[in-house]
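The values are calculated or read from the model by the stated rules, or taken from the named source; none is laboratory data. Everything quoted here is computed from the prediction, not taken from an experiment. Ideal geometry is used to build each Cβ from the backbone, glycine not excepted, and the neighbour counts take in all protein chains shown.
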Amino acid sequence: MVYLLALIFPLSFLYSPKVDKASPVYVAKTMHITHERKTPAYTLFQQAQKVTHPEMDRRPSSLESKAISGSEILSLNQVDPIKVEFPEATVISEMSLNKQELLNRTDLQLGQLVTKEKDSLLLNKLQNPFANSKQSIPNSASIQGFFELSDGVGLTNQTVTVRRVREGQSIELGQVDLKAGMYQIYVGSFDGELVAEIKDENGIIIGEDRKRISGLSRQNNYFQGPQLKLGRPSGFAANLRNIDDRKIKDDEVGASIFSGNYPLKKTTDIYPNVARHSSTVALIDGVAGKTARTLSIRMAKDPSEIVLFSQNWVEGAKTYISEKIQIEYMADAGIIIGRVLLDGKPVNGAQVVVENQPGIEPYYLDQFLIPQVSQSSTTSNGYFIIPGLQEGSYQISAFIQNRHIGSQAYFVERSVASYQEILAMSNVKVSTARSFDAFTGRMVPTELQIPGLEDLLSLTVESATYVEGTGSGLVEVINRPMEREYLPYIYLQNQSKDFLHLPQLTESFIEHLAQQHKIAADTSLFIGFVQMKNFEVTVADEKFDRSNIVYFGATGEVSMVPIQNGGFIIFNIPVGTTEVIVENKDSEKIASQAFYSKSSMYYLSHFAD
């Protein structure tokens, strides 16, 4: 526990930097333009209609009475403070704008209006701040778009970057114009995603956004890219909600993450500075047993909710089903409660399948939240329930008319309700899978069993693709190499990724490392690859012996201490819900991986910022 506390407590810091009054400050909250009230945003909009040449010395008549020493003072106190929500992290009493700055701000307001209204003609009227830029690579295409700050992120002297990322690797670096609020990047292809980041002087990310490159429209000599909203960095949040839509009060339930090792002070708290593609286990306990104890796998920046049910409802649902099908469940048996969503809305008519245990039957809730044993698909609320389960991990997929729409892993423990939402997307993505020797890079043929795919995915060439329709969540991919000397394992895949990279290890390498350890019965082995220079590995179990962790380098050299951009192997992990946590000692960011440890199984995952 000492190791975990030492890891966790230094990370609880604010998202936004201290505001330097001498530096320009970009207000995080979007300014809404309205004709009903003369807000500061509307005043700027009025000036934008009059601006024809930025070099013109024009004094806004609406601000003449505020002129002091050659500068116009725009006070936010002019606006009714009750009706305006100011940014949490940046508190400003007034903004000082000189004439040139005001003209620059009108261009920025026009840009935000363009994005909001999707008016490509107006976009072409804006002066292009990148008109004289040169192509970084031959035969490349220019993508331009707007960016803004959100979620209380403030900007003073930080660095803003835009880059294209494909399969976890940065491909090209773009340009950013802070005054215009625009970005430009030359790309060699239109796959991957655009990543925008704000870093402070220490290199720590304080704001970020990622958007897939798709559906771009051509505008003369460039393509109009997606708007990037740089909000708070990735973090873990519980997002609690009662089934009857009542608000959750902090004195009614207690929420914790890292498998119960870090209690949240408030159920609405966000645990910050978590690496993208991380996962953790959240536990929700109700006061006096009113709310059923609930377990949920949470992903970094997970938009889904944890819906809480009363203990009486859970017991009543189990009793109702057992009487209908005349089966008596064990008193402490686990239960799965799930929901199928498509683009954030409940799905009517979805069928749910437990892929790793096909004999288990789900039941669906009607509009009154009553389980129906004869119903074959979800109703308009999208809920399903599976009672009487033993401890373990369950891979559940949702289908509509035999078409796979999403998958999710569920961890089940005794006397606990396991709740997850299957987050399906109408805009499916194509994911790329690669298999290679972990130390030589040689292509290794393998077969993959991916939840939701009817057939095995055979990798006999450098890469293969498959269609993925789940926006977020965790699934277990079974990897079975075709060459016998390589080790089969379960790969823990975060479904927000559009790639699946499988480093293959030989059984002789694992056996060599295992000679130094006494392997206990009913335990598993975990393999981690780390893309960090200076890191520390721990397990979310205060009783775990750290001597079971062995490190290796990029070429397979073995060490008892971490090696830059290397990996590690953890022996003797007990059966049950487990989390492996890797801390980047340089940035204080953590990457964590939750999984359900099964006896004599091998697990593998990646850890990166």
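Computed quantities for the displayed model
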{"quantity": "Selection count, the range 500-529, where residues are among the aliphatic types (A, V, I, L, M) and within 13 Å of Asp437 (Cβ to Cβ)", "calculated": "2"}
{"quantity": "Looking only at the range 211-226, and only at residues there that are closer than 22 Å to Ala608 by Cβ and touching a residue at least 40 places away in the same chain (Cβ under 8 Å), the one that is surrounded by the most Cβ atoms within 10 Å (Cβ to Cβ)", "calculated": "Ile213"}
{"quantity": "Single residue of the range 463-493 satisfying the filter (among the aliphatic types (A, V, I, L, M) and within 25 Å of the chain's Cα centre (by Cα)) that is surrounded by the most Cβ atoms within 10 Å (Cβ to Cβ)", "calculated": "Leu474"}
{"quantity": "Scan of the range 282-291 for residues that are touching a strand residue (DSSP E or B) at 6+ places or on another chain (Cβ under 7 Å) and at pLDDT below 95, ordered by number", "calculated": "Asp285, Gly286, Val287, Lys290, Thr291"}
{"quantity": "Pairs where the first residue, in the range 341-365, is free of Cβ contacts under 8 Å to residues at least 24 places away in the same chain and the second is in a loop (DSSP other than H, G, I, E, B), C-beta under 6 Å, 6+ apart", "calculated": "Tyr364/Gln375; Tyr364/Thr378"}
{"quantity": "Residue match in the range 149-157 (condition: assigned to a strand (DSSP E or B) and either modelled with pLDDT of 90 or more or over 27 Å from Glu421 (Cβ atoms) (or both))", "calculated": "yes"}
{"quantity": "Check on Ser458, touching a residue at least 60 places away in the same chain (Cβ under 8 Å) and either under 24 Å from Ser259 (Cα atoms) or among the hydroxyl-bearing types (Ser, Thr, Tyr) (or both)", "calculated": "no"}
{"quantity": "Some residue of the range 253-260 being without any contact (Cβ under 8 Å) to a residue 24 or more places away in the chain, in contact with a strand residue (DSSP E or B) (Cβ under 8 Å, 6 or more places away or on another chain) and in the same structural domain as Glu305 (by TED's automatic domain parsing)", "calculated": "yes"}
{"quantity": "Evaluation of Arg241 against (1) surrounded by 20 or more Cβ atoms within 10 Å (Cβ to Cβ); (2) closer than 23 Å to Phe411 by Cα (one fails), failing number", "calculated": "(1)"}
{"quantity": "Some residue of the range 294-305 being modelled with pLDDT of 95 or more and either among the aromatic types (Phe, Trp, Tyr) or in contact with a helix residue (DSSP H, G or I) (Cβ under 9 Å, 6 or more places away or on another chain) (or both)", "calculated": "no"}
{"quantity": "Count - residues of the range 473-508 that are touching a strand residue (DSSP E or B) at 6+ places or on another chain (Cβ under 7 Å), charged (D, E, K, R) and in contact (Cβ under 8 Å) with a residue 60 or more places away in the chain", "calculated": "2"}
{"quantity": "Hits in the range 319-349 (condition: within 30 Å of the chain's Cα centre (by Cα) and surrounded by fewer than 18 Cβ atoms within 10 Å (Cβ to Cβ))", "calculated": "Asp343, Gly344, Lys345, Pro346, Asn348, Gly349"}
{"quantity": "Number of the exception - Glu328 against (1) touching a residue at least 40 places away in the same chain (Cβ under 8 Å); (2) farther than 24 Å from Gly260 by Cα", "calculated": "(1)"}
{"quantity": "Residue count, the range 162-197 (criterion: surrounded by 20 or more Cβ atoms within 10 Å (Cβ to Cβ) and under 17 Å from the mean Cα position of the chain (by Cα))", "calculated": "3"}
{"quantity": "Near pairs, Cβ below 6 angstrom, 6+ apart or cross-chain, from the range 407-421 (assigned by TED's automatic domain parsing to the domain that holds Ile396 and β-branched (Val, Ile, Thr)) to any residue that is surrounded by fewer than 24 Cβ atoms within 10 Å (Cβ to Cβ) and not in a strand (DSSP E or B)", "calculated": "Val412/Glu391; Val416/Arg293"}
{"quantity": "Complete set of residues in the range 556-572 that are among the aliphatic types (A, V, I, L, M) and touching a helix residue (DSSP H, G or I) at 6+ places or on another chain (Cβ under 8 Å)", "calculated": "Val558, Ile569, Ile570"}
{"quantity": "Per-region count, the range 438-491, residues among the β-branched types (Val, Ile, Thr) and under 25 Å from Ser600 (Cβ atoms)", "calculated": "7"}
{"quantity": "Any chance Gly316 is exposed (fewer than 15 other Cβ atoms within 10 Å of the Cβ) and more than 24 Å from Gly382 (Cα to Cα)", "calculated": "no"}
{"quantity": "Among the candidates Asn273, Asn312, residue that is assigned by TED's automatic domain parsing to the domain that holds Gly406 and touching a residue at least 60 places away in the same chain (Cβ under 8 Å)", "calculated": "Asn273"}
{"quantity": "The lone exception for Ala554 - which of (1) within 27 Å of the chain's Cα centre (by Cα); (2) surrounded by 12 or more Cβ atoms within 10 Å (Cβ to Cβ) it fails", "calculated": "(1)"}
{"quantity": "Output for the range 554-596, where each listed residue is farther than 21 Å from Ala438 by Cα and among the acidic types (Asp, Glu)", "calculated": "Glu579, Glu583, Asp586, Glu588"}
{"quantity": "Test result for Leu295, among the hydrophobic types (A, V, I, L, M, F, W, C), part of a strand (DSSP E or B) and in contact (Cβ under 8 Å) with a residue 60 or more places away in the chain", "calculated": "yes"}
{"quantity": "Contacts under 6 angstrom Cβ, first residue in the range 172-195 being hydroxyl-bearing (Ser, Thr, Tyr), partner assigned to a loop (DSSP other than H, G, I, E, B), 6 or more apart", "calculated": "Tyr183/Gly174; Tyr186/Gln135; Tyr186/Ser136; Tyr186/Ser140"}
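Conditions tested, residue by residue: (1) at pLDDT 95 or above; (2) hydrophobic (A, V, I, L, M, F, W, C); (3) in the same structural domain as Arg210 (by TED's automatic domain parsing).
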residue: Ala438; (1), (2), (3): yes, yes, no
residue: Val444; (1), (2), (3): yes, yes, no
residue: Glu447; (1), (2), (3): yes, no, no
residue: Val467; (1), (2), (3): no, yes, no
residue: Gly471; (1), (2), (3): no, no, no
residue: Arg480; (1), (2), (3): yes, no, no
residue: Tyr489; (1), (2), (3): yes, no, no
residue: Ser496; (1), (2), (3): no, no, no
